[in-house]
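The structure appears right after this line, and notes come after that.
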There are 2 protein chains.
Amino acid sequence: MNQSKNTKEHILDVSLKLFSEKTYYGASIRDIAKAIDKRESSIYNHFKSKEEIFEQLILKFSSRNFGPLILTDQLINIISKPEKFFILLSENLIHFWNSEEERMFIKILLAKNSNGESKKYYSIENYLNDFKALSEFIFREMISHKFIKKMDVVVLSQEFISPLFLAAIELILGLKSETIQKSLIKNHVEFFWNSVKK
Amino acid sequence: MNQSKNTKEHILDVSLKLFSEKTYYGASIRDIAKAIDKRESSIYNHFKSKEEIFEQLILKFSSRNFGPLILTDQLINIISKPEKFFILLSENLIHFWNSEEERMFIKILLAKNSNGESKKYYSIENYLNDFKALSEFIFREMISHKFIKKMDVVVLSQEFISPLFLAAIELILGLKSETIQKSLIKNHVEFFWNSVKK
DNA sequence: GTCTATAGAGAGATAGAC
DNA sequence: GTCTATCTCTCTATAGAC
């Protein structure tokens, strides 16, 4: 959305918005050209096809490293207080998923089938796995420091992340208000903590 | 897909498939006409627009009563054995969500924004609420019969349903194999049961 | 790198015959 | 209720001037 960016970046920015609003098929090259205030033909100077815009958009987002945005210093400092830690971790995750840009990317992943033509695309499953990997790392640390019970970190990750991410999806696709999230986090962490505390 | 059905039903059947594969924008009236082996103009004898086909499709699915398909007699018979009950309940849910027709409907809901133009449409949030309502009813019964701990049924439903439904989404949109579900159910119910048993 | 102009296909929808 | 024929608009993409 930044006018000073180069045209290629600008195209990717508006495509993210348009693809997330109207899906890949519903957003046209014409819409994209209008949004960057250029002609359709100019688009083809930067991308060889609409498909390529989509591919590069997915690539750009799937190759980020969001770890430091979730695993903040503030969070790491309280790892010895697991209940507080889980609250803050949940807040960091929800905050990340609720950001304008991330909501748009998640919408695109949800509207996209991995069906057909091999596994060339990044799917919502890959996306979730990135977060599960992060949380498995956390749980491994917590177990080795005996802050929580010894349990399967894959199961822990799934149980911890699923209610949070599903709530994020509902918020992104639906009309659910953001204030609901606060009590959801509180209830979820309370339930989870009761199951994992020593 | 049944040739003996009337044309209107036939249109709704193929539209479910096409909308789920290519989204609302990507599936054309022409595609639909081809799929029912009629001309485009014939479609307009049954629906006034493409938009109306979509609306009636959502309406048809959102006004079903799937309760008896989940809450089977076999399931109700073992309500006094909660752990077994939760396993079978999970299997019933996953089986329902994995059926051909349901996968297509869920895909359509996931590709659809509730954004803009009021709340006229049924969203994934409404869909999930239908299942949560069912499971809240179950937990209320279990608590009143003292089969499980006294806890907030809204929290219990969320914690019980979320990992299962999110796994269903991953299966529907991704490449995850169906066999993974069995161990997921086992792990999830074990985790859940440990938190709710008296 | 952006423009004008245009090709060629496909979109949603309607009129009117049968 | 289905057909043929057609309207009008939009789509992706390319050629060639500046």
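Can you tell me which of (1) free of Cβ contacts under 8 Å to residues at least 24 places away in the same chain; (2) in contact with a Pro (Cβ under 6 Å, 6 or more places away or on another chain) is the one B:Gln74 doesn't meet?
Every listed condition holds for B:Gln74 apart from (2).
Looking only at segment A:1-53, which residues are surrounded by fewer than 18 Cβ atoms within 10 Å (Cβ to Cβ) and of a type in the set (Phe, Trp, Tyr)?
A:Tyr25, A:Tyr44
Scan segment A:121-149 and report the pairs whose first residue is touching a residue at least 40 places away in the same chain (Cβ under 8 Å) and within 12 Å of chain B (Cβ to nearest Cβ) and whose second residue is surrounded by fewer than 14 Cβ atoms within 10 Å (Cβ to Cβ) and basic (Lys, Arg), with Cβ atoms within less than 6 Å and a gap of 6+ or a chain change.
A:Lys149/A:Lys198
Restricting to segment B:33-51, name every residue that is part of a loop (DSSP other than H, G, I, E, B), near DNA strand D (Cβ under 8 Å from one of its atoms) and closer than 17 Å to B:Glu9 by Cβ.
Let us first name the residues in segment B:33-51 that are part of a loop (DSSP other than H, G, I, E, B), namely B:36-39, B:44-49.
With near DNA strand D (Cβ under 8 Å from one of its atoms) added as a condition, the list becomes B:37-39, B:44-46.
Matches in segment B:33-51: B:Asp37, B:Lys38, B:Tyr44, B:Asn45, B:His46.
Are any of the residues in segment A:82-103 within 14 Å of chain B (Cβ to nearest Cβ), within 20 Å of A:Lys22 (Cβ to Cβ) and outside any helix (DSSP H, G or I)?
No, that holds for no residue.
Tell me which residues, restricted to segment B:27-68, are more than 20 Å from the chain's Cα centre (by Cα) and among the aromatic types (Phe, Trp, Tyr).
Answer for segment B:27-68, where residues must be more than 20 Å from the chain's Cα centre (by Cα) and among the aromatic types (Phe, Trp, Tyr): B:Tyr44, B:Phe47.
If you scan segment B:5-31, which residues turn out to be more than 14 Å from chain A (Cβ to nearest Cβ) and more than 12 Å from DNA strand D (Cβ to nearest atom)?
Across segment B:5-31, the qualifying residues are B:Leu12, B:Asp13, B:Val14, B:Ser15, B:Leu16.
Read through the list (1) away from DNA strand C (no atom under 16 Å from the Cβ); (2) among the aliphatic types (A, V, I, L, M); (3) in a helix (DSSP H, G or I); (4) more than 17 Å from the chain's Cα centre (by Cα), then give the number of the only condition that A:Ile78 fails.
The single condition A:Ile78 does not satisfy is (3).
Looking only at segment A:14-53, count every residue that is free of Cβ contacts under 8 Å to residues at least 24 places away in the same chain and among the β-branched types (Val, Ile, Thr) and tell me the total.
3
Could you say which residue among A:Ile53, A:Ile11 is near DNA strand C (Cβ under 10 Å from one of its atoms), closer than 18 Å to A:Met104 by Cα and not assigned by TED's automatic domain parsing to the domain that holds A:Ile106? Step through it out loud before you land on a result.
Numbers: A:Ile53 fails: near DNA strand C (Cβ under 10 Å from one of its atoms).
Just one listed residue meets the conditions, A:Ile11.
Given B:Lys150, B:Lys112, B:Lys119, B:Lys107, which one is modelled with pLDDT under 95 and touching a helix residue (DSSP H, G or I) at 6+ places or on another chain (Cβ under 8 Å)?
The unique qualifying residue is B:Lys112.
The values are calculated or read from the model by the stated rules, or taken from the named source; none is laboratory data. For clarity, every value in this text was computed on a predicted model and none was experimentally measured. As a convention, Cβ positions derive from the backbone with ideal geometry for all residues, glycine included, and neighbour counts pool all protein chains shown.
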